[in-house]
Each structure stands twice: as structure tokens, then as C-alpha cells.
Amino acid sequence: MSNLNVGNVDRTLRILLGLVLIGLAAAGTIGAWGYVGILPLITGIAARCPLYTLLGIRTTSR
């Protein structure tokens, strides 16, 4: 598990953002683009972000 690079605050924000975007898309408020919220939701749940890996960013202390 040493490859985790998303900290707890970052994870929480990603999960909330993902759920909000998906919810708005499902309600028809923002259209199909809201399903892009799947990306922050998955990276938040997995605590791993491929873009952070490429850029060498870590928001976790582990």
C-alpha cells in the first residue's frame, strides 16, 4: 500500500465532489458531463491518483 498518494482531506473532497456531480447529472441538472464525477469518486475511494503519480504529488503522510 505504499503507492497511496491521496490524503484523507483530499479523499473526502474527491468523494463528495464525485457524488455531487453524479447526483446532479442523474437529476438532469447539469447534463451528462456530470458523470465525469466518477473519476474523483474512484480516485477518492482508492486513495490513489494517477495524475498525482505522474507529477510526483502526495497529499498523504504515509
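The values are calculated or read from the model by the stated rules, or taken from the named source; none is laboratory data. A quick note: this is a predicted structure, and the numbers were derived from the prediction, not measured. Glycine gets a Cβ as well: all are built from the backbone with ideal geometry, and neighbour counts include every protein chain shown.
Of all residues in segment 42-56, those that are touching a residue at least 24 places away in the same chain (Cβ under 8 Å) and either in contact with a Pro (Cβ under 9 Å, 6 or more places away or on another chain) or in a loop (DSSP other than H, G, I, E, B) (or both) total 4.
Can you pull out the residues in segment 25-38 that are part of a helix (DSSP H, G or I) and among the small types (Gly, Ala, Ser)?
Residues of segment 25-38 part of a helix (DSSP H, G or I): 25-27, 32-38.
Correct list: 25, 26, 27, 32, 34, 37.
Matching residues to (1) of a type outside the set (Lys, Arg); (2) touching a helix residue (DSSP H, G or I) at 6+ places or on another chain (Cβ under 9 Å); (3) not in a helix (DSSP H, G or I):
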site	(1), (2), (3)
6	yes, yes, yes
18	yes, yes, no
23	yes, yes, no
40	yes, yes, no
58	no, yes, yes
62	no, no, yes
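Of all the numbered requirements in (1) part of a helix (DSSP H, G or I); (2) at pLDDT below 95, residue 14 misses one, and that requirement is (2). A count restricted to segment 36-62 and to residues that are surrounded by 13 or more Cβ atoms within 10 Å (Cβ to Cβ), over 11 Å from the mean Cα position of the chain (by Cα) and among the hydrophobic types (A, V, I, L, M, F, W, C) stands at 0. Could you please find all residues in segment 6-35 being of a type in the set (Gly, Ala, Ser) and either buried (at least 17 other Cβ atoms within 10 Å of the Cβ) or farther than 22 Å from residue 61 by Cβ (or both)? Answer for segment 6-35, where residues must be of a type in the set (Gly, Ala, Ser) and either buried (at least 17 other Cβ atoms within 10 Å of the Cβ) or farther than 22 Å from residue 61 by Cβ (or both): 18, 23, 25, 26, 27, 28, 31, 32, 34.
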